[in-house]
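Read through the structure below, which is laid out as structure tokens, and then see the notes.
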Amino acid sequence: MKTLAALTLALSGAVVAIAAPAPEFMNVAALAETGAPFAQAQTIGGVTYLNGGASLDEVAYVKSRAGEYSLQVLFSGRGGEYGVADTVSVRNGQRELVSVPDAGPYLMMKLPPGRYTVEATFKGAVERRVVTVGNGLAKLNWNTPKASD
């Protein structure tokens with residue numbers, strides 16, 4: 001019966017739309033508010049990054065894209081709660097490659113293999129970490145009381 005109804009509609013020129021279910025990680029209410037599925041990849045100075053994790057749904061979304069990136073930075077505070085840096089910049093030697101405002105709690109970047117200095121600013125206080133990026137996903141779990149303040 002459904003086939004006959006669809007065939008009749010198709011022959012009459014009517015358009016039939018079938019909605020696909022939203023992926024399990026996507027919060028439809030958040031999508032309706034923002035018009036986009038959470039964090040969007042951006043490129044600055046030739047470095048593509050994905051920044052976000054404001055909700056559990058967005059964390060799941062960002063983590064699901066980890067295979068596309070070579071560096072993952074996760075900011076957390078005193079009790080392990082998620083944190084956000086005012087800015088994060090990545091340097092290769094003296095050259096700044098990218099500076100990301102309001103970074104975290106998850107920040108993923110596409111960087112070529114190499115050694116990098118990652119600098120995060122929390123309310124004017126600066127912290128640095130050195131990370132080596134190889135061919136897989138390098139993870140930098142950045143736990144600092146400053147992320148809690």
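Quick note: the coordinates plus some simple rules give every number you see, no bench work behind them. From a predicted model like this one, the values you see are computed outputs, not experimental measurements. Methodologically, a virtual Cβ is constructed for each residue, glycine included, from the backbone with ideal geometry; neighbour enumeration extends over all protein chains shown.
With neighbour counts taken as other beta-carbon atoms within 10 Å, the residues Asp57, Asp86 rank, fewest first, as Asp86, Asp57.
May I ask you to compute the full-extension gain from Lys63 to Ser99, defined as 0.36 nm times their residue separation minus their alpha-carbon distance, rounded to one decimal in nm?
Values: separation 36, 0.36 × 36 = 12.96 nm, distance 2.12 nm.
Answer, rounded to one decimal: 10.8 nm.
Given R₀ = 22 Å, FRET efficiency for Arg91-Ile44 by Cβ-Cβ distance, to 0.05? Walk me through the numbers on the way to the answer.
Numbers: r = 14 Å, r/R0 = 0.62.
Given R0 = 22 Å and the Cβ-Cβ separation, E is 0.95.
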